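Here is the structure we will look at, set down as structure tokens.
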Amino acid sequence: MNEAIALLGMVALALGNAIADDLHPDTPRFTAEQVLNGEFPGRKASPTVEAIHDATGFAFDRLYSVPAPGVHPRILFGPDDLPRIRSQIERSKHASKVLSDMRIRTDKTLSEGWVAEVYRDLAAGGTDGFVKLAEGSQKQIDQLSDTLEDVAFLALFDDDLVTGERNAAAITSYARWLQPQVDEASLQPQAGNHSVLIRYITGRDGGLGFMYDFSQPFMNEEQTETVRHLIASVTHGRYGLGMDLPPHWVNWNFIGFGLYFPLTALAIEGEEGYDPRIYQRGAELAENYILYGTSENGVGTEAMGYHTGGLKATALMMIAMANRGDNIFTLERWRRVLDTWAIHAMQPYGQEWVSSGDLGSFPPAERLVEVARFFFPEDERIAFVEQNLEDKRSLDHYMSLRWLQLVCPPDLDDEMEGLSMAQFGLPETLFDEQRGKLFTRTGWGEEDLYLQVVCRSDTIFASHDHADRGAFYLTSHGQPWAVSSMRSIESQYLNVVTINGRGQSHYAPPGKWIEVSDTPEATFAVVDTKYCYDWRWMKTSFLITDEQLENEPWLEWTREHRDRLLSHTPRELWERDPLPVVTEFYEGYMAGNPRFWTSEDSWVIRAPHYPVEKSFRTIGLIKGERPYVLIADDIRKDDAENSYQWRMRMPNWIEAYDISADEALLGRISERRDTSYRPQVAHNRSGRPLPQKGQPMLLVRVLQANQPDIPTYQDSMALETVGFVRHDDTFQFHGRKMGMGKRLMVPSRSVEPGYKILLFPHRHGDPLPTTELTDDGTKLTVAWEDQKDVFALSVNEKGRTVFELEK
């Protein structure tokens, strides 16, 4: 008996290992030589994306020179360019302010505090202070690295021999301290992949290369050899993040940041230890990141903050490339990030952006926009985006690449004034089918109604997405009503439906677009999000075995998360996702065991999540004299009665002016209160808010939300204040708090809620509509005295509501 049990255990273990080998493959990888030579035997060629260039408006005269080998600086500009850079700064109010702040900050940093103490130690040839610092936080090390880089640039700019030589000595001491660590890391597995270990030693942002490039003119022969040798040992014969991936895989922000690696190699371009293949592969990677990470309309694979953050880092590589005759600034997809997507995703009142996923409420990266403005000085759309960025001219210790604002100042010519969205002639509706995003509006004025619908249909791996397929964002009368999330990933914090408090999975698989129709009368979108409730995606590194961890020690951090995950969802429930779009992405491209992120994840895996029978969302913008939004959610979990919650995330400054069983009137928090208002259950004056005439308001009218026959214990519609806390303990960042906010919740305890909801933004004093949905649900009338919209409603064979606006 015991032998049989033991045998069964061995079989189960073998099965578990077989599953793990399939989910998180531990197969041979291509060597660094193969990667650098572009040799990938056994791997299919990626689908081709045409590289369409348009050089119209590009200021070729603003490119910089590349000096002879051994002459510095050289990565982004040469010594002969310094007089022009000085002249540009004098012509630029922006750059002049940055330069002034940069001097003040570096002087202060080097005169007091721990950075000054460590810097003096390094400049004197010692490393004791730095070794002590290195035991502290990465943030402190990054701050010291930024200081060394900034001082090197200022000394070069000022031709300051004293400061330059002192800083060169400090950088050399820093290099001596780093060298043995690099040597040791070079003996570890996967040492040929720079991103696995070495980038964590020398820094992630290429500072080492720029330190050397700016300070080399002040170095003696021994110092030059010391730092040059370090850079050679860091780069030569190694490949950078993404260089081993199929081109169509290189589509997320880490790729852009990984391009600091070829920039570091360019610091010793033409010198002993330089490997020209690194630049060549880096140039290919930069172009592929733009082509495969950006749609034809310029929409990125991630939210505005993350995608343009990656492009910000890419911009430095692009400058170096353009100086060397490899100009990809002229790629149409790159330019459309700013002259199309950034405008469609901007709030109608300007200065704020809305997109889906992590950093969805972030603006385009400032450094990226400034570089674009520098090289396309006559492009009004790019100028408009730049002028809508929050002013961040003052420096603080979090801001990197300060000197880039001096090399590429955005305001050399007279600033364009009076620019507005309306003048660019962009279409009022843009559907990006590749990304699964719909932008539509009633016009390009600040008061117009603006609606965005997001149902990512292109997600292929565990990324910065949220559990928000089918979510919408709404703005009107200069006020945002339904908003996105910065980093709260759960459905309960987003604009979708939850069931018994549970929503779509995270990581979220792709949704499906059924239909988009756009007419002068209305724009409608229909999406299917069933798969996003049915299945949960996960990183393959969270299924790694103990045996595999021995071969991949850099993934030791996943052990704790793996154990928690498997305690909830056993290993045998996980499988490679077989969706056709997923299979097409991975199958034929697995040779060499390519991985996402640093070296973490393979073919995305799935396990059952919270299956539903159906989940359709139909949402329409009705563009009459008084525009409004209609939403129908046809969602059903099973044949049992469940508790459904229709959710809409709202800004913190929203409060309810009135809520009844089927209607809510919402607006900004009011200073005017009706202190005589006493609800029946209150004992004190509660101060009901009073709107002012003309104040922007939002009417939320529930046309249908099915309730139980016996409505005992039924929840009521509510405007809630919630804390954004990450609850999922089977993944990293468990318990992370991301502030608090407001959300509207419309409940339904039913087998199928049949949600039909009308959103009418207006100003207080405007007439409100009457609405009538017939008992059989086949006709909806929305009417004012001077406007009447009639919709025929039907339910198709899949159980989805179909709207037809009668003309």
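The values are calculated or read from the model by the stated rules, or taken from the named source; none is laboratory data. Here the structure is a predicted model, which means the values were calculated and not measured. Using ideal geometry, Cβ is built from the backbone for each residue, glycine included, and neighbour counts are taken over all protein chains shown. Only protein heavy atoms, including side chains, enter the accessible area calculation; ligands, DNA and RNA are left aside. Shrake-Rupley method; radii C 1.70, N 1.55, O 1.52, S 1.80 Å.
Figure legend. Inter-residue proximity from the range 38-66: first residues over 24 Å from ASP339 (Cβ atoms), second residues assigned to a loop (DSSP other than H, G, I, E, B) and of a type in the set (Ser, Thr, Tyr), beta-carbon distance below 8 Å, spacing 6+ or different chains. Indicated pairs: ARG43/TYR589; LYS44/TYR589; SER46/TYR589.
Among THR308, THR301, which is the only one that is touching a Pro at 6+ places or on another chain (Cβ under 6 Å) and of a type in the set (S, T, N, Q)? Selected residue: THR308, the only one of THR308, THR301 that is touching a Pro at 6+ places or on another chain (Cβ under 6 Å) and of a type in the set (S, T, N, Q).
Residues that are polar (S, T, N, Q) and part of a helix (DSSP H, G or I) were ranked within the range 551-578; the one that is least open to solvent (accessible area, probe 1.4 Å) is THR558. One residue stands out among those in the range 362-382 that are among the hydrophobic types (A, V, I, L, M, F, W, C) and not in a helix (DSSP H, G or I): the one that is nearest to LEU401 (Cα to Cα), which is ALA365.
May I ask you to verify whether ALA591 is within 23 Å of GLU752 (Cα to Cα) and not polar (S, T, N, Q)? No. Residues that are closer than 30 Å to GLN423 by Cα and in contact with a Gly (Cβ under 6 Å, 6 or more places away or on another chain): does the range 511-528 have at least one? The answer is yes, given that some residue of the range 511-528 is closer than 30 Å to GLN423 by Cα and in contact with a Gly (Cβ under 6 Å, 6 or more places away or on another chain).
This table checks each residue for (1) surrounded by fewer than 19 Cβ atoms within 10 Å (Cβ to Cβ); (2) outside any strand (DSSP E or B); (3) of a type outside the set (Gly, Ala, Ser).
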| position | (1), (2), (3) |
| --- | --- |
| ARG626 | no, yes, yes |
| LEU630 | no, no, yes |
| ASP639 | yes, yes, yes |
| ARG647 | no, no, yes |
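State yes or no: is ARG536 in contact with a His (Cβ under 7 Å, 6 or more places away or on another chain), open to solvent by 10 Å² or more (accessible area, probe 1.4 Å) and of a type in the set (Lys, Arg)? So ARG536 passes the test.
Do we have ASN297 as polar (S, T, N, Q), over 20 Å from SER195 (Cβ atoms), touching a strand residue (DSSP E or B) at 6+ places or on another chain (Cβ under 7 Å) and modelled with pLDDT of 95 or more here? Yes, satisfied. Checking the stated criteria, PRO708 turns out to be out of contact with any helix residue (DSSP H, G or I) (no Cβ under 9 Å at 6 or more places or on another chain) and at pLDDT below 95.
Filtering the range 519-537 to residues that are hydrophobic (A, V, I, L, M, F, W, C) and closer than 29 Å to VAL790 by Cα leaves ALA522, PHE524, ALA525, VAL526, VAL527. Given the options VAL516, VAL581, name the one that is part of a helix (DSSP H, G or I), of a type in the set (Val, Ile, Thr) and open to solvent by 30 Å² or more (accessible area, probe 1.4 Å). After ruling out the rest, the residue left standing is VAL581. Filtering the range 431-460 to residues that are in contact with a Phe, Trp or Tyr (Cβ under 9 Å, 6 or more places away or on another chain) and open to solvent by 20 Å² or more (accessible area, probe 1.4 Å) leaves PHE431, GLU433, THR442, TRP444, GLU446, GLU447, SER457.
If you check PHE542 against the conditions, is it among the aromatic types (Phe, Trp, Tyr), at pLDDT below 95 and open to solvent by less than 30 Å² (accessible area, probe 1.4 Å)? Here the answer is yes, as PHE542 does meet what is asked. Within the range 154-176, restricting attention to residues that are open to solvent by 40 Å² or more (accessible area, probe 1.4 Å) and touching a helix residue (DSSP H, G or I) at 6+ places or on another chain (Cβ under 6 Å), the residue that is farthest from ARG120 (Cα to Cα) is GLU165. Scanning the range 352-381 for residues that are open to solvent by 20 Å² or more (accessible area, probe 1.4 Å), closer than 24 Å to VAL483 by Cα and not hydroxyl-bearing (Ser, Thr, Tyr) yields a total of 5. Residue pairs whose Cβ atoms lie under 9 Å apart, separated by 6 or more positions or on different chains, with the first residue in the range 241-270 and over 24 Å from ALA591 (Cβ atoms) and open to solvent by 10 Å² or more (accessible area, probe 1.4 Å) and the second assigned to a helix (DSSP H, G or I) and of a type in the set (Gly, Ala, Ser), are PHE257/GLY309; PHE257/GLY310; PHE257/ALA313; TYR260/GLY207; TYR260/GLY209; TYR260/ALA313; THR264/GLY207; THR264/GLY209.
Scanning the range 216-230 for residues that are under 16 Å from GLY125 (Cα atoms) and among the polar types (S, T, N, Q) returns ASN220, GLN223, THR224, THR226.
Within the range 54-64, does at least one residue satisfy the condition of being of a type outside the set (Phe, Trp, Tyr), open to solvent by 20 Å² or more (accessible area, probe 1.4 Å), over 21 Å from ALA372 (Cα atoms) and over 29 Å from the mean Cα position of the chain (by Cα)? Within the range 54-64 (the criterion being of a type outside the set (Phe, Trp, Tyr), open to solvent by 20 Å² or more (accessible area, probe 1.4 Å), over 21 Å from ALA372 (Cα atoms) and over 29 Å from the mean Cα position of the chain (by Cα)), the answer is no, since none of the residues qualifies. Just so you know, in the range 464-487 the residues that are buried (at least 24 other Cβ atoms within 10 Å of the Cβ) and small (Gly, Ala, Ser) include one that is farthest from GLN695 (Cα to Cα), and it is ALA467. Taken residue by residue, the range 125-139 has at least one member that is under 30 Å from LEU82 (Cα atoms) and touching a helix residue (DSSP H, G or I) at 6+ places or on another chain (Cβ under 9 Å). Select from the range 687-705 the residues that are surrounded by 14 or more Cβ atoms within 10 Å (Cβ to Cβ) and at pLDDT below 90 and list them in ascending order. Hit for the range 687-705 is ARG688, nothing else. Taken over the range 330-361, the criterion of being under 17 Å from GLU378 (Cα atoms) and in a loop (DSSP other than H, G, I, E, B) is satisfied by THR330 alone.
The residues of the range 160-195 that are over 26 Å from ASP244 (Cβ atoms), without any contact (Cβ under 8 Å) to a residue 24 or more places away in the chain and among the charged types (D, E, K, R) amount to a single one, ASP160.
Counted as qualifying within the range 160-246 are the helices (runs of 4 or more DSSP H) with 1 or more residues that are among the basic types (Lys, Arg), namely 161-185, 198-202, 221-235. Considering ARG238, ARG277, the condition of being modelled with pLDDT of 95 or more and either out of contact with any helix residue (DSSP H, G or I) (no Cβ under 7 Å at 6 or more places or on another chain) or open to solvent by 30 Å² or more (accessible area, probe 1.4 Å) (or both) is satisfied by ARG277 alone. I'd like to verify a number: residues in the range 205-228 that are hydroxyl-bearing (Ser, Thr, Tyr) and open to solvent by 20 Å² or more (accessible area, probe 1.4 Å), how many? Summing the residues that are hydroxyl-bearing (Ser, Thr, Tyr) and open to solvent by 20 Å² or more (accessible area, probe 1.4 Å) in the range 205-228 gives 2.
Tallying residues that are closer than 20 Å to GLU50 by Cβ and open to solvent by less than 10 Å² (accessible area, probe 1.4 Å) within the range 331-344 yields 4.
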